[in-house]
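The values are calculated or read from the model by the stated rules, or taken from the named source; none is laboratory data. No experiment lies behind these values; they were computed from the predicted model shown. Methodologically, a virtual Cβ is constructed for each residue, glycine included, from the backbone with ideal geometry; neighbour enumeration extends over all protein chains shown.
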Amino acid sequence: MKKKNVKKIVFVCTGNTCRSPMAEMLLKSRLESMQLFGFEVYSAGIAAKKGDTMNPLSEKVLTENGVKTEGFMSTLLTDEILTEAFAVVCMTEKQRDLLLDMRWNALRKTGADEIENNVYSFAELTGYEVLDPYGRDLECYRYVFGLLEAGMNAVVEKLRLRELSEKTKTEKPKAEKPKAATPRKRTSTAKKPTSTKKTAAKKPAAANKSTAKKPAAKRASAAGKKKAAPSKKKDV
């Protein structure tokens, strides 16, 4: 199964025992030293025998230069590898042309409408091809190792691996932001004190109106008594 947010890079040669295994191990080592994460690096062969070990001379050259080699087993290139890969890097232009057609046909079988090119030759990325050292002496393998090693920085830059690695680092914390939305409950409790103040203010006003009317009534009754007093004198 394809891992989420992990980009697969596949180096391809003919037998997957000489050039592409060296390229795989070199890029793994380079990404680790540069602390670039979010990638998986593999290699495969167009005519590989599944389960073959790395060529002893390739392994010797890698070991001489302090590059890890343990656990390698050759892999036959399949449609699944081509369709899942973020980038496929071939050792020659001829291999690139072949794999462009293979990948296009594989993706058409899945129903894909738009097919983006992600198959490159080593020459497209670095400016030169890598010859096949199979059947030659140790010095030829050392020469091929030098070509591959010298091109790794160009592979990293042309495939934008540094930029993509930084992007995966910054995307991780964004998923934790929704947790900060809980403190909104305080707004409902803040309304309660305002309603009590309004009711408390109305009560004294009602009391003032009732107490103000009472003195007026007393004055009116007193005035009536004074008017009634002179009428008694006329009768006498």
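Criterion applied to GLY51, GLY66 was being at positive phi, out of contact with any Gly (no Cβ under 9 Å at 6 or more places or on another chain), of a type outside the set (Phe, Trp, Tyr) and modelled with pLDDT under 95, and the one residue passing it is GLY51. Among the residues of the range 1-44, those that are more than 13 Å from LEU161 (Cβ to Cβ), within 19 Å of the chain's Cα centre (by Cα) and touching a residue at least 24 places away in the same chain (Cβ under 8 Å) comprise LYS2, LYS3, ASN5. Of the residues that make up the range 82-105, is at least one surrounded by fewer than 18 Cβ atoms within 10 Å (Cβ to Cβ) and within 23 Å of SER29 (Cα to Cα)? Yes. Selection over the range 89-127 of residues that are closer than 23 Å to ALA48 by Cβ, without any contact (Cβ under 8 Å) to a residue 24 or more places away in the chain and either aromatic (Phe, Trp, Tyr) or not in a helix (DSSP H, G or I) (or both) gives a count of 1. Close contacts from the range 52-80, counting a first residue that is touching a residue at least 60 places away in the same chain (Cβ under 8 Å) and farther than 18 Å from VAL144 by Cβ and a second that is in a loop (DSSP other than H, G, I, E, B) and not β-branched (Val, Ile, Thr), with Cβ to Cβ under 9 Å and a gap of 6+ residues or different chains, come to LEU76/ASN16; LEU76/ALA47; LEU76/ALA48; LEU76/LYS49; LEU76/LYS50; LEU77/ASN16; LEU77/ALA47; LEU77/ALA48.
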